[in-house]
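As structure tokens, the structure follows; a few thoughts come after it.
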Amino acid sequence: MEFLEKVEKLRAKANISYEEAKSILTETDGDLLEAMILLEKQGRITPPAGADPGAGSKPQGSDAAQAKKDAGDTWHGFVRWLKSLIRRGNRNNLQIRRRDEIIASMPVTAFVAALVFAFWVTFPLLIIGLFCGCSYSFRGPDLEKDNINKAWDKASAVAESIKEDIKREMDNTENGTNGKKD
């Protein structure tokens with residue numbers, strides 16, 4: 001439909017001047033329905049008889065359409081949040097150190113993916129690493145100040161303590177004392 005035809009149709013339906021119809025259609029990019037809705041919202045035309053006064057100018061079935069739009073907005077919001085989280089994860093790293101030397105570093109996103117998809121492999125490797133003298137820390141603009149690094153340090157300290165206890169018990173067993181004091 002040509003713009004002039006839309007102006008004529010809107011002018012006839014809304015009982016407004018050509019100038020008003022042209023202005024409203026220009027404002028709504030030539031969308032007749034949007035133009036009618038805008039005119040109703042402005043109070044320049046009245047909604048058809050039988051329309052829900054609380055619904056304004058919504059056509060029938062708009063509750064379902066609004067629910068679908070809200071679900072779409074929620075989905076898009078979730079996707080934006082997830083992208084932001086992945087970007088943060090890629091900016092920050094998990095560093096694995098042994099004797100104050102970095103032996104490996106990986107993006108937090110990769111570490112979380114490994115935990116989620118290969119938990120039964122990743123978690124035992126983390127524990128074994130602790131007992132082999134490895135320490136872990138998160139580095140990057142978003143994670144260096146977090147308490148998670150303190151937790152990693154405590155885990156390393158506990159692993160060292162357990163190693164020392166086991167070593168002491170083994171030494172005592174080799175010496176035949178079995179932990180008994182005479």
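Every number here is computed from the coordinates shown, using simple stated rules; none is lab data. Note that this is a predicted model, so its numbers are computed, not measured. So basically every Cβ, Gly included, is an ideal-geometry build from the backbone, and we count neighbours across all protein chains shown.
Anyone know which of 67, 155, 21 comes out most mobile in the 10 Å Cα GNM of the chain? Looking only at 67, 155, 21, the biggest GNM fluctuation is shown by 21.
Need one word for the chain: rounded, prolate or oblate. Basis is the Cα gyration tensor (sqrt eigenvalues a ≥ b ≥ c); a/c below 1.5 gives rounded, then a/b vs b/c decides. Prolate shape, in that a/c is at least 1.5 and a/b is the bigger ratio.
Toward the positive end of the charge dipole of the chain, with +1 on the Cβ of Lys and Arg and -1 on the Cβ of Asp and Glu, the farthest Cα among 14, 115, 85 is that of 115.
Using just its DSSP H runs of length 4 or more, each adding -39500 (n - 2.57), the chain gives a mean residue ellipticity at 222 nm of -20500 deg cm²/dmol after division by all residues. Structure remark: mean-square fluctuation, Gaussian network model of the chain, C-alpha springs under 10 Å; the largest value among 84, 161, 17 belongs to 17.
Each Lys and Arg Cβ is given +1 and each Asp and Glu Cβ -1; about its Cα centre, the chain then shows a dipole of about 400 debye. Across 124, 48, 107, mean-square fluctuation computed from a Gaussian network of the chain (C-alpha pairs under 10 Å connected) peaks at 48.
If each residue's Cβ is checked for other Cβ atoms within 10 Å, how do 125, 94 rank with the fewest at the top?
On the way: 125 12, 94 24.
Ranking 125, 94 by Cβ neighbours within 10 Å, fewest first, gives 125, 94.
Ranked by how many other Cβ atoms sit within 10 Å of their own Cβ, fewest first, the residues 33, 85, 126, 25 fall in the order 33, 85, 126, 25. Measuring nothing but how far apart in sequence close Cα pairs (under 8 Å, 6+ apart) lie, relative to its length, the stretch 90-174 scores a relative contact order of 30 percent.
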